[in-house]
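The values are calculated or read from the model by the stated rules, or taken from the named source; none is laboratory data. Computed from a prediction, not measured in an experiment: that's the story for all the values here. Here the Cβ positions follow ideal geometry from the backbone for every residue, glycine too, while neighbour counts run over all protein chains shown. When the accessible area is computed, the model is the full protein with side chains, heavy atoms only, and any ligands, DNA or RNA have been set aside. Shrake-Rupley method; radii C 1.70, N 1.55, O 1.52, S 1.80 Å.
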Amino acid sequence: FPVKRPLSYLPYIEENKGLYNALHKFNTERKGTVAFLGGSITHNPGWRTKTTQYLKERFPETEFTFIAAGIPSLGSTPHAFRFQQDVLAKGIPDLLFLEAAVNDRGNGFKEDAQIKALDGIMQHMFRANPKANVIMMAFAEPHKTLDYATGTVPLEVLVHQKVANYYGAPFINLAKEVSDRIAAGEFTWKYDFKDLHPSPYGQDLYFQTIKELLKLTPKPEQMAKLPLPMNKFSYDKGSYHPVTEAKKTDRFALDMNWEPKDKLPTRPGFVNIPMLVGETAGANFEFEFNGRGVGMAIVSGGDAGKISYSIDGKTAVTRDLFTDWSNQLHLPWYIMLADELAPGKHKVKVTILPDK
């Protein structure tokens, strides 16, 4: 049989304003900081490690700082709130790789929340380094492949593309590329790509497309004023607050080295750390904050229950903290309690409910 010519990488790359600033600095100043912010596909070795090796080989005289900030299961909202601690506190990136399309789909984030988070990361990034370049990516997973096969563009891809275009950031649509290459008979999902955590073959495909973007000759960027946020409630100053800031703790206890009592697995970074723990109905605490939004980072295992919360004494809202994966592991889970408050000081009270 004749060998078919593989599809080009270029249709899946939107260069926009390109990568001049970062590549120019790597080449001239011989120093550079590169960060990788994403979920498990970014956390796992593969495209990320291949990209770091490529950059070191391409710029052999450059002293690089690489920040690996991938955490399994986390999408755009967690990324926005951990960006300060997990990325900026370790170095100010000249180049940031950003992906949340897979977990935003799996974790059920709506379009509005995705934009607030991704837009917030971009604002946060460019305030820290106005000359930074950001590469936004949408990775493949079975739902997206099915969407493309039926003529639908996945929402998460559209959101990533929209945010990238607004800021002039390069965008790589790897979800569409995988779908098209499967349709063209280049490979199969079952035997070659295998999983949303790609096989070595799939990881190399991701890297090859990323490399094609990095190889493009960038045009000098015209420094522009940072645009206004896409959403006035964007998470542009997202940050963590320690659990020690909880007030009026009633039957909540501070465990400085938490680990679960059951045998369910945990995730690195979310075990053997300080945790605020409540295990009885009616247990409650308060948290005072200054801002437009507030949420909780929890570990949702088999013991996750229901809570009610009230902000500034208003009507209480109920949330179930149990997830589809809670019987399998103590899952890092981020819950926004409110994100469109008036600027200023607020207080939230959280109470464990008796019905679960």
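Residue check, Gln222 against (1) surrounded by 15 or more Cβ atoms within 10 Å (Cβ to Cβ); (2) over 20 Å from Pro343 (Cβ atoms); (3) touching a Lys or Arg at 6+ places or on another chain (Cβ under 9 Å), all met but one. Which one? Here Gln222 meets the rest and fails (1). Those helices (runs of 4 or more DSSP H) of segment 22-94 in which 2 or more residues are aromatic (Phe, Trp, Tyr) and either in contact with a helix residue (DSSP H, G or I) (Cβ under 8 Å, 6 or more places away or on another chain) or within 30 Å of Glu141 (Cα to Cα) (or both) occupy 47-58, 76-86.
Inside segment 130-183, can you point out the residues that are among the acidic types (Asp, Glu) and either touching a Cys at 6+ places or on another chain (Cβ under 8 Å) or part of a helix (DSSP H, G or I) (or both)? Full working, then the answer.
Pass one, segment 130-183, residues among the acidic types (Asp, Glu): 141, 147, 156, 177, 180.
Passing the criteria: Asp147, Glu156, Glu177, Asp180.
Reported count of residues in segment 114-129, each being outside any helix (DSSP H, G or I) and open to solvent by less than 10 Å² (accessible area, probe 1.4 Å), is 0.
Any idea how many residues of segment 192-209 are among the β-branched types (Val, Ile, Thr) and open to solvent by 20 Å² or more (accessible area, probe 1.4 Å)? Spell out how you get there, then give the answer.
Of the residues in segment 192-209, the ones among the β-branched types (Val, Ile, Thr) are 209.
Narrowing further to those that are open to solvent by 20 Å² or more (accessible area, probe 1.4 Å): none.
So the answer is 0.
The set of residues in segment 328-355 that are outside any strand (DSSP E or B) and either open to solvent by less than 90 Å² (accessible area, probe 1.4 Å) or in contact (Cβ under 8 Å) with a residue 60 or more places away in the chain (or both) comprises Gln328, Leu329, His330, Asp339, Glu340, Leu341, Ala342, Gly344, Leu353, Pro354. Checked against (1) within 21 Å of Phe187 (Cβ to Cβ); (2) basic (Lys, Arg); (3) outside any helix (DSSP H, G or I), Lys17 passes all but a single condition, namely (1).
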